[in-house]
Amino acid sequence: MLDRISPFAVAVLAALVGVVFAIVFMEQESDVAVISMVAAAAVAAWFAGRIGVPERVARAAEINPGGVSAIAAIGGLAIIAAYAEDHFPLLMLATVMLYATVALGLNIQFGYAGLVNFAGAAFFGIGAYTSAKLVGSGVPAVLSLPLGGLFAALIGLLLVFPVVRTRGHYAAVVTIAFSVLFKTFLEVNDTFGGPQGLPVGAMNLFGWDFGESPTLFGIEASFYLNYALAAFVILALAFTLVRRLERSWLGLALDAVRLDETGAACYGIGIRRAKIFAFVLGNVIIGVAGALYGCMQGYVAPTSFTFSDSLIFVAIVLLGGMGSPWGMILAAAIVVVLPEKLQAIQEYRFLLFSIVVIAILLFRPSGLLPRRVRRYFPEGGR
Amino acid sequence: MKSILRFSVGAMLAAALAAAPLSGASAKDTVKIAFIGPLSGGTASIGVGGRNSAELAVRIRNADPKSKYHYELFAQDDECKPNVGVQVATKAAADRKVIGGVTHYCSAVAMSTVDVYHKFNLPVIVWGAVLPDITYGNDYKEVHRVNGTMVNQNEVAADFMTKHGYKTWVILHDTTDYGKGHNTYFSKYVTEKGGKVLATFGVTSDQQDFTAELTKAKELKPDVIYFGGLTPLGIRIRQQMDKLGIDAQFEGVSGIVSDAFIEGLDPKLAEGVLAFREGAPVEKLPGGQYFLGEYDKAKFDQGPDAYGAFAFAAATMMMDAIEKVGPDRKKVTAYLADIKDRDSIVGPITFDDHGQNTVAMITKYVIQDGKWVLWEDSEYAAGKRKLVAPK
Amino acid sequence: MDLFGQYVINGLMLGTIYALVAVGFTLFFGVLDVIKFSHGDVLMVGAFTGFTAAAGAAALGLSHPALQLAATVVFALAGTALLGAVIAKWLILPLKNAPRLNILLATLMLGTALRESVRLFYPDGSNPKAFPALLPTSAWQFGQFTLRVDSTILVVTGILVIVGLHLLINRTRLGLAIRAVAQDEETARTMGINYTLIVLVTFALGSGIAAVAGVMDGLYYNEINFGMGLLLGLIGFSAAIIGGLGNLYGAILGGFLFAALQMIGAVALPFASAYKDVFAFAVVIALMAWKPTGLIPERASDRV
């Protein structure tokens, strides 16, 4: 029945439904409403899948990539705008976007190059600690974000040698060890505030103080609006970068390395170079997101960047579907917002969360929005 | 395209807003009080005990026909993690119905959230975190604390121990802010009073095996093994001291004053363990007995644990303030600033200019026959039993 | 010198527990090429089952420690073996063809679920439990050096379990089948080996060994808690990896090596003992850089 509607219109409709759903969902407080909305979303998603909405949207993205991205951007901004005055929803939104950015960085590492990274939270933390140290010592905030990325990449270089040499589970242990080491190091080392952590000053971008509430059209918006917009920009940049990368010959080379190292080497792809590139680029993205996260939280402490936090990032990548940038955003939203919405069941929510993740992995092993097979000829038949 | 989006967004918002105020139909206005503490993870038992106690305070107040408002406890889990703490603190502070907060057991979380409370003018009373900087590290009028800091606690502890003839210590502390803080202050006071710290070991809070550290400690033959940290580690260390045949007095901090510490140990090993805690002995005060009795009656699925009484006192004080000046954050903050010699179940409370309770009494405890007993009441003080003698 | 002996005994005890955990990781990896990260938490469930059984036996009037110990071991082993098989059947086999990371994450989440369930549903589960001392607690004193009877029994038992496992894998028909499945699933199937059954048995076996480690842990430290499996699982996994996955000796070597690293980090290094985990994990990273497939690598070549 969707045949008569143009793919682009389907995409617009889907975005509209998504935005409205997101706005209404964020508003809900009671358990019944939250659970029934989740159930409704699951049914709707299943139904949409049945009538071929995802294929249509994907097709629209092939025909008119700029248009679909624009719809998504407008949708994202609409959600932010709807909550311009509310602190808490904006904080959540900004968190979702930063987590999605981290997932995009990890996605380059293991979605494309096949490098497992269980130290996502550690690199995220390096970014956050960088801004904590820099903003405090008078370095302009404009610089603290890229420097966060730079430091994450530099410290990541310590791991490059073992990471590139090892594979699969062996590589996992390198990053797991780093993750544990990082948190313990921060706790015992007093120059970084020790276990208490460090306060982070508010960001100031060319005289635009992020700690102040901006006034737009006569309405005093929440100061978190600044961070939400900044997070949106960072996410948009990372997203564009990842999409470009995927479509470039570099992305193709990374895919080849992941799927068959020996084969890729036979075709003259520098395996080490490709892996190092992916590892460093991923860490830069994660570090930048971390730097902004640090400013937004106003406080960094070692317990925010533990191995379990790294697992949350890995969970986002796998739930979203490895290699699928859209999936990262969806999964980040679920992973951040759902446990928060489940505060009402307090001590039981981790149990429930872990069960939900297991169920998704069992029933949708390739993630919520699996990555599509590369298609080089968008006009190709159905 | 955009206009359609905007329109539907607006429509949904309007519908949501219209639905919101329908709930408050009862005769009294509903006022929310936030409770924030660790409800999951390793320190959950203290957090849940605190929440239950705050909940109890709210129930008792709501049952009182004279109260002007209907109270609701808005309980949030900070997971003992600063980033989650900022999140839930923002959630509570941004909710206009929330007038005050009873917040935090974990010091790192409290440190990270005080800025949020200040920014949103939300008055809070800390119910368990002991790091001095929470109240003294800033000038925020909004932040108060009913329990004492670890400074008072360790000063009393050092004084007590040196007076009993102990001269040498080996310190084990966990590497959280809590353990590290205790190490700093205890070392300082005990050295001032002529004691000697032979060695200090930092251990992570999930460590199981301490035999390496303790073997080293054994070699140094200290009079006392001081442990700065929480119950689970305290149990393991006391247990493993025995395994290695270390003959030294075991001295703990407020973090091990919990029933779980005794239950987790062989009664023989728990016997004679010393610890110090801020606040007057709950069991001794008339209000405290009332609290414990009511808590029993409420049939929660676990006990109030070590800091339940503080959470109860904090919640009660917050509701008193709201009764007096009405549900207005700034007025409540102003009211709390003038609290002097206020009676509570943890003893009289006076807030200084940083919102810190200055009448922080320190209670000395010793375990006797499987119970935490006040030192003054124990057979140890009476001389009938003996602690491990100094060498 | 006598203190050195004390460190060695402590290290041996710790190493035995680590090795028992690491052996499980290696077994699972051997047959299915998967990492089952809930292993540490399965260990914790084993310890709690044993604890409950001991309490139950005491309540039934079996006051003799040996009887209680028997109940502890039997129930812990049986319960955990069953749990291991159930996990294999309902979680790991269905995910066999999914990306490998999925199993890793699914089992990590299962570990969380087990941990949280014990905390929430076991009576007073969030507090540590005093595990009864069921072994003789007397000790021999050699100057500063204390050798306890229970520790000695535990180390010997641990080593016997490892030796027994070695014999089982290398000398029995069951072991032959496990090795066959580990080498090549399809060939094993065509040789008439019941693949699913062997996988389930291997998981039951590995989990049973984790229960032994859990009970040992309980008997040694006389304290168990719901979070005890987290770090043990992480260390066991690291040990299995340093040693070289799929290799029994590698796992044992890795276990003892990790224990030695922690001991050295705590007492022999010039800087504060708080850095001992930093030290141990930094060495792990360095080892991986040096020997990317573990100290005793798997014999394999790329199939092109």
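Points to keep in mind about this one:
- Of all the criteria given as (1) surrounded by fewer than 23 Cβ atoms within 10 Å (Cβ to Cβ); (2) outside any helix (DSSP H, G or I); (3) not β-branched (Val, Ile, Thr), the one not satisfied by A:Leu281 is (2).
- Filter result for B:Lys340 (more than 22 Å from the chain's Cα centre (by Cα) and at negative phi): no
- Looking only at residues of the stretch A:1-29 that are at the interface with another protein chain (Cβ under 10 Å from one of its Cβ atoms) and not aliphatic (A, V, I, L, M), we find that the one that is nearest to A:Leu330 (Cα to Cα) is A:Phe21.
- One residue stands out in the stretch C:271-293 among those that are modelled with pLDDT under 85 and more than 7 Å from every other protein chain (Cβ to nearest Cβ): the one that is nearest to B:Gly179 (Cα to Cα), namely C:Lys276.
- The residue list C:Phe121, C:Phe131 contains one member that is under 21 Å from B:Gly264 (Cα atoms) and either basic (Lys, Arg) or without any contact (Cβ under 8 Å) to a residue 40 or more places away in the chain (or both), which is C:Phe121.
- Close pairs (7 angstrom Cβ cut-off, 6 or more residues apart or separate chains): within 7 Å of chain C (Cβ to nearest Cβ) in the stretch B:207-230, basic (Lys, Arg) and not in a loop (DSSP other than H, G, I, E, B) anywhere: B:Gln208/B:Arg236
- Single unsatisfied condition, B:Thr204 versus (1) modelled with pLDDT of 90 or more; (2) under 26 Å from C:Ile264 (Cβ atoms): (1)
- B:Ala57 being of a type in the set (A, V, I, L, M, F, W, C), touching a Leu at 6+ places or on another chain (Cβ under 6 Å) and assigned by TED's automatic domain parsing to the domain that holds B:Asp320: no
- All of B:Lys188, B:Lys167, B:Lys193 fail the test of being out of contact with any Ser or Thr (no Cβ under 6 Å at 6 or more places or on another chain), more than 14 Å from chain C (Cβ to nearest Cβ), more than 27 Å from A:Leu186 (Cα to Cα) and surrounded by fewer than 24 Cβ atoms within 10 Å (Cβ to Cβ), apart from B:Lys167.
- Considering A:Gly282, A:Gly290, A:Gly263, the condition of being under 15 Å from A:Leu115 (Cα atoms) and either in contact with a Gly (Cβ under 7 Å, 6 or more places away or on another chain) or at pLDDT below 95 (or both) is satisfied by A:Gly282 alone.
- In the stretch B:63-112, the residues that are of a type in the set (Lys, Arg) and in contact with a Gly (Cβ under 7 Å, 6 or more places away or on another chain): none
- Among the residues making up the stretch B:82-108, those that are in contact (Cβ under 8 Å) with a residue 60 or more places away in the chain and under 19 Å from the mean Cα position of the chain (by Cα) are B:Gly100, B:Gly101, B:Val102, B:Thr103, B:His104, B:Tyr105, B:Cys106, B:Ser107, B:Ala108.
- Scanning the stretch A:163-181 for residues that are outside any helix (DSSP H, G or I) and more than 7 Å from every other protein chain (Cβ to nearest Cβ) turns up just one, A:Arg167.
- Filter pass, C:Leu83 being surrounded by 22 or more Cβ atoms within 10 Å (Cβ to Cβ) and either polar (S, T, N, Q) or part of a helix (DSSP H, G or I) (or both): yes
- Search result, residues across the stretch C:254-264 that are touching a helix residue (DSSP H, G or I) at 6+ places or on another chain (Cβ under 7 Å) and under 17 Å from A:Ala177 (Cβ atoms): C:Gly254, C:Gly255, C:Leu257, C:Phe258, C:Ala259, C:Ala260, C:Leu261, C:Gln262
- Boolean, B:Gly179 is buried (at least 20 other Cβ atoms within 10 Å of the Cβ), more than 18 Å from the chain's Cα centre (by Cα) and more than 8 Å from chain C (Cβ to nearest Cβ): no
- Checked against the criterion of being more than 19 Å from the chain's Cα centre (by Cα) and modelled with pLDDT under 80, the candidates A:Leu342, A:Leu352, A:Leu362 yield just one match: A:Leu342.
- Selection count where residues are of a type in the set (Gly, Ala, Ser), away from chain C (no Cβ under 14 Å) and not in a helix (DSSP H, G or I), scope the stretch B:255-289: 4
- Helices (runs of 4 or more DSSP H) contained entirely in the stretch A:1-73, each with at least 3 residues that are at pLDDT 85 or above, among the aliphatic types (A, V, I, L, M) and farther than 16 Å from A:Arg372 by Cβ: A:7-27, A:31-50
To keep it simple, each residue is scored yes or no on (1) within 21 Å of C:Glu223 (Cα to Cα); (2) part of a helix (DSSP H, G or I).
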site	(1), (2)
C:Leu3	no, yes
C:Val8	no, yes
C:Leu14	yes, yes
C:Val23	no, yes
C:Gly30	no, yes
C:Val34	no, no
C:Phe37	no, no
C:Gly40	yes, yes
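- Candidates C:Met216, C:Met191 - the one that is without any contact (Cβ under 8 Å) to a residue 60 or more places away in the chain and either under 20 Å from the mean Cα position of the chain (by Cα) or surrounded by fewer than 23 Cβ atoms within 10 Å (Cβ to Cβ) (or both): C:Met191
- Considering A:Ala152, A:Ala82, the condition of being crowded, with 24+ Cβ neighbours inside 10 Å and more than 14 Å from chain B (Cβ to nearest Cβ) is satisfied by A:Ala152 alone.
- Taking the listed residues B:Val126, B:Val98, the one that is of a type outside the set (Ser, Thr, Tyr), crowded, with 24+ Cβ neighbours inside 10 Å and assigned by TED's automatic domain parsing to the domain that holds B:Tyr335 is B:Val126, with no other qualifying.
- Only helices (runs of 4 or more DSSP H) whose full extent lies in the stretch C:125-222 are considered here, and the ones with at least 1 residues that are modelled with pLDDT of 85 or more and either closer than 30 Å to B:Ala212 by Cβ or within 11 Å of chain B (Cβ to nearest Cβ) (or both) are C:149-171, C:195-221.
- Any hit, the stretch B:65-80, residues being assigned to a helix (DSSP H, G or I) and either β-branched (Val, Ile, Thr) or crowded, with 24+ Cβ neighbours inside 10 Å (or both): no
The values are calculated or read from the model by the stated rules, or taken from the named source; none is laboratory data. Since the model is a prediction, treat every value here as computed from it, not as a measurement. Using ideal geometry, Cβ is built from the backbone for each residue, glycine included, and neighbour counts are taken over all protein chains shown.
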